[in-house]
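The values are calculated or read from the model by the stated rules, or taken from the named source; none is laboratory data. It should be emphasised that the depicted structure is a prediction, and the values quoted were computed from it without experimental measurement. Here the Cβ is made from the backbone with ideal geometry for all residues, glycine too, and neighbour counts use every protein chain on show.
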Amino acid sequence: MSEKDVLILGIESSCDETAAAVVKNGREVCSNIIASQIDIHTLYGGVVPELASRHHMEKICQVVEEALSKAGITLKELDAVGVTFGPGLVGPLLVGVSYAKALAYASGLPLVGVNHIEGHICANYIEDPSLEPPFLCLVVSGGHTHLVRVKDYCTFEVLGVTRDDAAGEAFDKVARAIGLGYPGGPKIDAAAKKGNPEAVRFPRAHVDDGEFDFSFSGLKSAVLNYLNGAAMKGEKVVSEDVAASFQAAAVEVLTENAMNAAERFHADRFAIAGGVASNSALRSEFERRCSEKGIHYYHPAGILCTDNAAMIASAAFFHYKRGERSGLDLNAVPDLKLGREKP
């Protein structure tokens, strides 16, 4: 007799996407609804937390109802509710956590708090159902840059983090500086395809006291200094060349640290995750480097790289199977660290 299928409702609201999804057994997506706020925040060149919170409040009932409807199930057929409780923006996080707690209480369903970074890692289980720990994973997004050893489904060792700006944050700021606008990641990627990655030699930062740590503040400053210098001298700036050169520097550091870690820990599988993991240059370079070393390379589809609730439901499934539950005193933890025990 086969084991009963487990259906988890995932809720994600850590930044500027209001998302809900239903996932079966941690890997099969039954629905994945995302209400984006990009158009709203584009007006300001970045995410405005207060506005994000208000729009989460407006959309969250709608996206949950749509997720259940598209999955063709009712609340009674769910086994648990999983929700992101950190890290992220505290206001947006509180909207999702408060809604999930109320829903769990009213329906009598178990509640499972999920770490957002862990959710990104679990997106790879949805993309490739054959993937199992252990493996290495690089999580790169607008707010996070983590190099992680995934020892088991709920056990992680953080090998490296960014000491300053996250990779995605640097992409956004450079995009704004060269006039591409927000969101910066996709715009830098598109512009770089038309530019020369060797036009400007930007620095590749390496952290002396952290072998696998990252730093992107210096790279961002170097781009700004280049632009300011060109303006003072009256020199023409080719934005596509700047985008390509910046992207080349960022990708080189990300892949170099990742491959060094793969060599150190004799990894035969490597996954990437997070919004920046949809960058075409990063994907291509990982594919090339992993192929050279005989490492199996995994990456989620674009929709699973950006913030979504399917990845949260997936992560919640593995904690649910371990018997872990969160209390109704679950609170938002904006600086939550990966590996922290769930309340």
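With respect to the conditions (1) more than 21 Å from Ala281 (Cα to Cα); (2) at pLDDT 95 or above, Asp209 lacks only one, and its number is (2).
Going by the conditions given, is Leu282 outside the structural domain of Gly119 (by TED's automatic domain parsing) and more than 17 Å from the chain's Cα centre (by Cα)? Here the answer is no, as Leu282 does not meet what is asked.
Is it the case that some residue within segment 18-38 is charged (D, E, K, R) and farther than 26 Å from Ser130 by Cβ? Scanning segment 18-38 turns up no residue that is charged (D, E, K, R) and farther than 26 Å from Ser130 by Cβ.
Any residue at all in segment 190-206 that is within 18 Å of the chain's Cα centre (by Cα) and either modelled with pLDDT of 95 or more or crowded, with 19+ Cβ neighbours inside 10 Å (or both)? Among the residues of segment 190-206, not one is within 18 Å of the chain's Cα centre (by Cα) and either modelled with pLDDT of 95 or more or crowded, with 19+ Cβ neighbours inside 10 Å (or both), which makes the answer no.
Counting only helices (runs of 4 or more DSSP H) that fall entirely inside segment 253-326 and contain at least 1 residues that are polar (S, T, N, Q) and crowded, with 20+ Cβ neighbours inside 10 Å, the qualifying elements are 310-321.
Whenever a residue of segment 305-327 is within 11 Å of Leu9 (Cβ to Cβ), its partners that are part of a strand (DSSP E or B) and among the hydroxyl-bearing types (Ser, Thr, Tyr), lying with C-beta atoms within less than 7 angstrom and at least six residues away or across chains, give the pairs Ile312/Thr84.
In this structure, Leu109 does not satisfy being more than 30 Å from Tyr297 (Cα to Cα) and touching a Ser or Thr at 6+ places or on another chain (Cβ under 8 Å).
For (1) aliphatic (A, V, I, L, M); (2) touching a helix residue (DSSP H, G or I) at 6+ places or on another chain (Cβ under 6 Å), each residue gets a yes or a no:
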site: Lys293; (1), (2): no, no
site: Ile303; (1), (2): yes, no
site: Tyr320; (1), (2): no, no
site: Gly323; (1), (2): no, no
site: Ala332; (1), (2): yes, yes
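Screening Cys15 against (1) outside any loop (DSSP other than H, G, I, E, B); (2) buried (at least 23 other Cβ atoms within 10 Å of the Cβ); (3) among the hydrophobic types (A, V, I, L, M, F, W, C) leaves a single unmet condition, (1).
Here's the yes/no breakdown for (1) on the phi < 0 side of the Ramachandran plot; (2) touching a strand residue (DSSP E or B) at 6+ places or on another chain (Cβ under 8 Å); (3) acidic (Asp, Glu); (4) at pLDDT 95 or above:
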residue: Lys233; (1), (2), (3), (4): yes, no, no, no
residue: Val251; (1), (2), (3), (4): yes, no, no, yes
residue: Arg264; (1), (2), (3), (4): yes, no, no, yes
residue: Ala271; (1), (2), (3), (4): yes, yes, no, yes
residue: Ser280; (1), (2), (3), (4): yes, no, no, yes
residue: Arg289; (1), (2), (3), (4): yes, no, no, yes
residue: Glu292; (1), (2), (3), (4): yes, no, yes, yes
residue: Gly323; (1), (2), (3), (4): no, no, no, yes
residue: Gly327; (1), (2), (3), (4): yes, yes, no, yes
